[in-house]
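The values are calculated or read from the model by the stated rules, or taken from the named source; none is laboratory data. Note that the structure is a prediction, hence the values are computed from the model and not measured. Every residue, glycine as well, gets a Cβ built from its backbone with ideal geometry; the counts of neighbours run over all protein chains shown. These area figures cover heavy atoms from the full protein model, side chains too; ligands, DNA and RNA do not enter into them. Shrake-Rupley method; radii C 1.70, N 1.55, O 1.52, S 1.80 Å.
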Amino acid sequence: MKQVEEKYVKLIEPSLKDARMRKQQNVNINYFFLDPKYLNLGLGKYYLLKTYGCQGNLADSEKIAGILEKMGFEKATTELQADLVLFNTCAIRENAEERVYGELGRFQKFKKKKPNMILGLCGCMPQEEKTIVKLKKQFPQINIIFGTHNIASLPEYIYDVLNCQKKVVDVKSIEGDIYENIPSVRDHPKKAWVNIMYGCDEFCTYCIVPYTRGKERSRRPNDIIEEVEKLAQDGYVEVTLLGQNVNAYGKDFTDLNYTFANLLTDLSKTSIKRIRFTTSHPRDLDDATIMAMANGQNIMPHLHLPVQSGSNEVLKRMNRKYTKEEYLTKIQKLKQAIPDISLTTDIIVAFPGETEEQFQETIELVKEVSYAGAFTFIYSPREGTPAAKYPNSLSEAEKHQRLERLNEVVNEQALKNHQKYENQIVEVLVDGPSKNNANILTGYTKHNMLVNFENKTDNLCQIGDLVQVKIIKAYSWHLFGELIKS
Ligand code: SAH
Ligand code: SF4
Ligand code: F3S
């Protein structure tokens with residue numbers, strides 16, 4: 001114990017068991033403010049943020065950057081320039097974690113050249129006990145480890161590390177609160193993430209998120225509506241509303257009867273031009289939400305509706321709480337209400353016990369829905385989740401084969417959906433020049449399709465412009481076209 005106290009200013013470790021608990025206590029709303037004693041701590045120093053995982057993490061990293069810049073830190077342009085390197089991590093699958101460990105190894109070597117470099121790790125990985133064990137053993141150079149509930153305490157951690165040269169481990173395995181007012185340095189000048197809720201109470205048997213992010217808790221409607229209106233006033237063109245299960249929005253309010261459909265309807269009256277949201281859970285997606293999507297002119301005609309599997313037995317073992325038939329009924333309603341809707345999904349193959357026939361049912365469902373795109377994954381056991389204990393008899397080769405067979409069908413369907421737009425004129429929100437070719441611009445259509453396009457006109461085309469593009473050729477994962485002179 002004495003040794004521990006000598007090494008750490010704070011040592012609060014995660015517990016997946018505690019994280020599983022869902023108590024009914026009220027959610028506190030905290031308002032962030034930066035204690036003046038931390039104000040100039042970062043002056044003359046540079047930070048580097050490496051972000052892995054979902055949009056939730058991208059949004060968190062923008063807040064972390066916001067806090068750091070308030071403290072005087074500037075964004076580093078090279079890795080070696082950095083005085084503070086923070087890894088905002090993801091625990092969703094084994095390979096997500098492996099990538100982080102690879103990079104951590106590389107940065108431990110950097111630290112030999114630059115001993116004062118502060119290394120930190122946050123996000124979902126530290127919420128797992130096994131991560132802390134491994135970090136302590138193999139990555140002793142890391143100074144700060146904190147979880148998803150502790151972003152607002154980052155200034156304190158940096159202060160402590162700088163002042164006492166000790167380490168901080170602060171990971172809370174709790175239901176969680178809400179923080180308003182955290183400053184944000186947004187990555188995109190015209191597109192913004194807007195958290196509408198945090199956490200997840202679904203407990204799909206394969207998934208670590210309910211353990212790493214705490215219980216479902218919704219931001220107050222007015223805080224969200226004001227944020228979106230302010231973004232529009234500041235020149236933002238598109239917002240993406242974020243939550244692990246946005247359709248559960250508002251279910252935790254004890255004093256308000258206000259749902260996700262209400263929120264969409266109210267947001268559609270703001271002056272923001274494009275509204276997207278992710279992620280929807282098929283069980284909680286209701287008719288009112290479909291109607292709000294159909295009626296809101298600025299709500300984009302795209303829905304990401306993860307199905308995970310086309311087999312009722314597998315869905316049951318996954319604890320998804322819907323059947324294939326119920327899912328397909330919702331898809332039908334969506335197609336009826338929004339005839340041109342584009343649908344995308346997530347699918348897991350080789351879930352424990354998935355038979356060849358059950359896998360075939362997934363293939364059939366992909367054909368029936370005809371998705372415009374899908375993220376497909378091989379099941380990855382997550383320690384502490386129920387499915388990690390289910391027997392899985394497939395070999396690695398068989399798992400990969402299933403993934404490849406599925407991807408073939410996904411790509412076929414995606415191509416078919418993209419081809420509908422050949423020779424059509426679509427509205428594109430310009431993201432800027434493409435990474436590989438500065439003469440090609442990129443952006444997304446209302447249906448969330450990626451478009452690469454040429455500008456042979458004399459019109460200037462800037463980030464955030466909504467422009468008209470004629471589609472020349474369709475591919476599975478993008479469209480190619482040219483700008484129409486306006
Ligand atoms: N809350 C969202 C996103 C969760 S993570 C939702 O419910 O859809 C994104 C995707 O990762 C999931 O949809 C699922 O397809 C996949 N995923 C989650 N846990 C996984 C695991 N243990 N192995 C493989 N894929 C997983
Ligand atoms: Fe994970 Fe299921 Fe929650 Fe999505 S809904 S985050 S898959 S537990
Ligand atoms: Fe990954 Fe955590 Fe998001 S596990 S997918 S970063 S909620």
**Message:** Quick test for you: out of Asn448, Asn455, pick the one residue that is in contact with a Cys (Cβ under 6 Å, 6 or more places away or on another chain) and not assigned by TED's automatic domain parsing to the domain that holds Val349.
**Reply:** Asn455
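May I ask you to list the residues in segment 282-312 that are within 16 Å of ligand 3 (Cβ to nearest atom) and either acidic (Asp, Glu) or open to solvent by 10 Å² or more (accessible area, probe 1.4 Å) (or both)?
Within segment 282-312, His304, Gln308 meet the criteria.
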**Prompt:** For Lys273, are the conditions met, namely being free of Cβ contacts under 8 Å to residues at least 24 places away in the same chain, more than 16 Å from ligand 2 (Cβ to nearest atom) and open to solvent by 20 Å² or more (accessible area, probe 1.4 Å)?
**Reply:** no
**Residue count for segment 210-220, restricted to those that are open to solvent by 10 Å² or more (accessible area, probe 1.4 Å) and not charged (D, E, K, R)** = 1
**Message:** Residue pairs, Cβ under 6 Å, 6 or more apart or interchain, first in segment 365-384 and at pLDDT 95 or above, second part of a loop (DSSP other than H, G, I, E, B) and not β-branched (Val, Ile, Thr). List them.
**Reply:** Leu365/Gly310; Ile378/Ala350; Tyr379/Ala350; Tyr379/Phe351; Ser380/Arg93
**Prompt:** Can we say Met21 is farther than 17 Å from Leu119 by Cβ, open to solvent by less than 20 Å² (accessible area, probe 1.4 Å) and not small (Gly, Ala, Ser)?
**Reply:** no
**Message:** Can you pull out every residue in segment 53-91 that is small (Gly, Ala, Ser) and either away from ligand 2 (no atom under 16 Å from the Cβ) or open to solvent by 40 Å² or more (accessible area, probe 1.4 Å) (or both)?
**Reply:** Gly53, Ser61, Ala65, Gly66, Gly72, Ala76, Ala82
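Give the residues of segment 203-228 that are under 17 Å from Asp284 (Cα atoms) and within 12 Å of ligand 3 (Cβ to nearest atom), sorted by residue number.
Pro210
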**Asked** Does at least one position in segment 378-389 carry a residue that is away from ligand 1 (no atom under 13 Å from the Cβ) and hydroxyl-bearing (Ser, Thr, Tyr)?
**Response** no
**Request:** Pull up segment 16-56, narrow it to residues that are touching a helix residue (DSSP H, G or I) at 6+ places or on another chain (Cβ under 7 Å) and of a type in the set (Ser, Thr, Tyr), then point me to the one that is nearest to Glu156 (Cα to Cα).
**Result:** Tyr38
**Item:** Among the candidates Thr212, Thr259, residue that is within 16 Å of ligand 2 (Cβ to nearest atom) and on the phi < 0 side of the Ramachandran plot
**Value:** Thr212
**Prompt:** Here are some conditions: (1) without any contact (Cβ under 8 Å) to a residue 40 or more places away in the chain; (2) within 15 Å of ligand 1 (Cβ to nearest atom); (3) of a type in the set (S, T, N, Q). Ser311 meets all but one. Which one does it not meet?
**Reply:** (1)
**Request:** Determine which single condition Glu404 fails, assuming it passes every other condition in (1) open to solvent by 60 Å² or more (accessible area, probe 1.4 Å); (2) not in a helix (DSSP H, G or I).
**Result:** (2)
**Asked** For segment 144-165, does any single residue satisfy the condition of being within 16 Å of ligand 1 (Cβ to nearest atom), open to solvent by less than 60 Å² (accessible area, probe 1.4 Å), polar (S, T, N, Q) and assigned to a loop (DSSP other than H, G, I, E, B)?
**Response** yes
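Say we look at segment 421-462 and pick out the residues that are part of a strand (DSSP E or B) and among the hydroxyl-bearing types (Ser, Thr, Tyr); which of these is least open to solvent (accessible area, probe 1.4 Å)?
Thr445
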**Where a residue in segment 51-80 is of a type in the set (Phe, Trp, Tyr) and its partner, wherever it lies, is surrounded by fewer than 18 Cβ atoms within 10 Å (Cβ to Cβ), with Cβ under 7 Å and at least six apart** = Tyr52/Ala96; Tyr52/Arg99
**Complete:** When every residue in segment 40-60 that is in contact with a Phe, Trp or Tyr (Cβ under 7 Å, 6 or more places away or on another chain) and within 14 Å of ligand 3 (Cβ to nearest atom) is compared, the one farthest from Cys122 (Cα to Cα) is Gln55
**Item:** Tally, over segment 369-388, of residues that are polar (S, T, N, Q) and either open to solvent by less than 10 Å² (accessible area, probe 1.4 Å) or within 14 Å of ligand 3 (Cβ to nearest atom) (or both)
**Value:** 2
**Prompt:** Among the numbered criteria (1) within 16 Å of ligand 1 (Cβ to nearest atom); (2) of a type in the set (A, V, I, L, M, F, W, C); (3) in contact with a strand residue (DSSP E or B) (Cβ under 8 Å, 6 or more places away or on another chain); (4) open to solvent by 10 Å² or more (accessible area, probe 1.4 Å), which single criterion is violated by Ala248?
**Reply:** (4)
**Message:** I need a count of the residues in segment 160-177 that are more than 16 Å from ligand 3 (Cβ to nearest atom) and either of a type in the set (D, E, K, R) or closer than 23 Å to Gln244 by Cα (or both).
**Reply:** 5
**Asked** Based on what the data block shows, is Pro391 assigned by TED's automatic domain parsing to the domain that holds Pro282, open to solvent by 50 Å² or more (accessible area, probe 1.4 Å) and touching a residue at least 24 places away in the same chain (Cβ under 8 Å)?
**Response** yes
**Residue count, segment 31-52 (criterion: in contact with a Ser or Thr (Cβ under 9 Å, 6 or more places away or on another chain) and either open to solvent by 50 Å² or more (accessible area, probe 1.4 Å) or not in a loop (DSSP other than H, G, I, E, B) (or both))** = 5
**Message:** Restricting to segment 92-126, count the residues that are open to solvent by less than 30 Å² (accessible area, probe 1.4 Å), touching a residue at least 40 places away in the same chain (Cβ under 8 Å) and over 26 Å from Thr205 (Cα atoms).
**Reply:** 1
**Request:** Kindly establish whether Ala192 is within 30 Å of Gly72 (Cα to Cα) and not in a helix (DSSP H, G or I).
**Result:** yes
